[in-house]
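S.K.: Pasting in a structure now, in structure tokens, and then I'll have a few things to ask.
The values are calculated or read from the model by the stated rules, or taken from the named source; none is laboratory data. None of the values given here were measured: they were computed from a predicted structure. FYI the Cβ positions are ideal-geometry reconstructions off the backbone, even for glycines, and counts take in every protein chain you see.
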Amino acid sequence: MAEMPYIDLDKCDSCALCIPVCRCGALVLVNNVITLIETEKCGWCCECEEICPLSAITCAFEIVFADE
Amino acid sequence: MAVDLQILKRVAYFAGFTPDELGEAARPFFEQSFKRGEIIALEDELADNLYIVASGVVKLFKTSADGKEQIMYLAHVGESISDVPVIDGLPNPASAQAMIPVDLYGINNVDMLALLDKYPKAKQNALKILADRVRHLSALVEDLSFKHVIGRVAAILLKYAGGDGAGSKARLTQQDMAAMAGTAREVVGRSLKMLEADGAISMNRHRIVISNKKALENMIETAV
């Protein structure tokens, strides 16, 4: 299962600003709800997080040492 | 659900408690769960309860008038939140929010003050907890005042790499790191790119991999 950004649907108002900004086409509108399609192509560019006016999308990083 | 004494045993307030004392002290505690992103306590509001983190991670932060967030501390399993307003009776100095789904053990402030009165060693432990907070906040003031952003980002990466050793891994967004470093999200993004270009870290999708710990440590030392 590919790790993907997180959408807080309680905050999201389906403005859809994130859809065109997503480089890998992982964000789509299904029945007026922003939906994520799991894909390894998501490069974690964080642009969906950046553009979201309601901070409904978060791209959290796990921080690890190289030898872990 | 009953309060897990193994978790309470790790709480600094109960250091030195016998099993019987711990069982007795656990009675007034209740369990409360919060969803990811849910607000647990609001800055400037009075606190009804002191909470112990039983699972998950809680973010303690202040918000400026223009909406900028400054993270004060991330509380992990066994750590307490809302100690200061419960002890001094004044409003919360910071807000608290669940970073991931969180289970807390809460105790009403009246019960907590009664517990401190009943057990002198709990009161002594409370002094140490508050002293630790002062030390942490003094270090934060130093970071915010004297270190350049890239050094602060390097310090955050080293601090949060590999979780807390108890299995809770806080995952940080660039916004979280910006709030911790007292800067804008964009500046954190730029700092991460610079650290990657320097070979100190590599960005692998949702992972920031620290490939050169020494380089990050040097960055903290020199970026002042």
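S.K.: If you take the residues of segment B:167-215 that are within 13 Å of residue B:151 (Cα to Cα) and within 22 Å of the chain's Cα centre (by Cα), which of them is nearest to the other protein chains (Cβ to nearest Cβ)?
M.R.: Checking each candidate, the answer is B:177.
S.K.: Also, quick follow-up: Just give me the residues in segment B:179-219 being surrounded by 20 or more Cβ atoms within 10 Å (Cβ to Cβ) and among the β-branched types (Val, Ile, Thr), in sequence order.
M.R.: B:183, B:188, B:201, B:208, B:210 - these are the residues of segment B:179-219 that are surrounded by 20 or more Cβ atoms within 10 Å (Cβ to Cβ) and among the β-branched types (Val, Ile, Thr).
S.K.: To continue, here is another question. Given the structure, is residue B:132 under 30 Å from residue B:32 (Cβ atoms), within 11 Å of another protein chain (Cβ to nearest Cβ) and acidic (Asp, Glu)?
M.R.: In short, no.
S.K.: Which condition from (1) farther than 24 Å from residue B:172 by Cβ; (2) of a type outside the set (Gly, Ala, Ser); (3) at pLDDT 95 or above; (4) surrounded by 20 or more Cβ atoms within 10 Å (Cβ to Cβ) is the one that residue B:8 breaks?
M.R.: (3)
S.K.: Does segment B:103-147 hold any residues that are more than 21 Å from residue B:180 (Cα to Cα), under 18 Å from the mean Cα position of the chain (by Cα) and of a type in the set (Ser, Thr, Tyr), and which are they?
M.R.: Hit for segment B:103-147 is B:105, nothing else.
S.K.: If you go through segment B:94-119, how many residues are farther than 13 Å from residue B:26 by Cβ and in contact with a helix residue (DSSP H, G or I) (Cβ under 6 Å, 6 or more places away or on another chain)?
M.R.: Count: 2.
S.K.: Being under 14 Å from residue A:64 (Cβ atoms) and part of a helix (DSSP H, G or I) is the filter here, so list the residues in segment B:185-224 that pass it.
M.R.: Selection gives B:213, B:216.
S.K.: Is segment B:35-56 home to any residue that is of a type in the set (Ser, Thr, Tyr) and over 30 Å from residue B:155 (Cα atoms)?
M.R.: No, segment B:35-56 has no match at all.
S.K.: If you go through segment A:48-68 one residue at a time, how many are under 9 Å from the mean Cα position of the chain (by Cα) and closer than 25 Å to residue B:211 by Cα?
M.R.: Total satisfying the criteria: 2.
S.K.: Name the single residue that is surrounded by the fewest Cβ atoms within 10 Å (Cβ to Cβ) among those in segment A:1-26 being within 14 Å of chain B (Cβ to nearest Cβ) and in contact with a Lys or Arg (Cβ under 9 Å, 6 or more places away or on another chain).
M.R.: Filtering segment A:1-26 for residues that are within 14 Å of chain B (Cβ to nearest Cβ) and in contact with a Lys or Arg (Cβ under 9 Å, 6 or more places away or on another chain), the one surrounded by the fewest Cβ atoms within 10 Å (Cβ to Cβ) comes out as A:10.
S.K.: Among the residues of segment A:27-37, are any part of a loop (DSSP other than H, G, I, E, B), within 14 Å of chain B (Cβ to nearest Cβ) and either surrounded by 12 or more Cβ atoms within 10 Å (Cβ to Cβ) or of a type outside the set (A, V, I, L, M, F, W, C) (or both)?
M.R.: No: zero hits.
S.K.: Can you tell me which residue in segment A:38-68 is farthest from the other protein chains (Cβ to nearest Cβ), limited to those that are touching a residue at least 12 places away in the same chain (Cβ under 8 Å) and small (Gly, Ala, Ser)?
M.R.: Once the filter is applied, the top-ranked residue is A:56.
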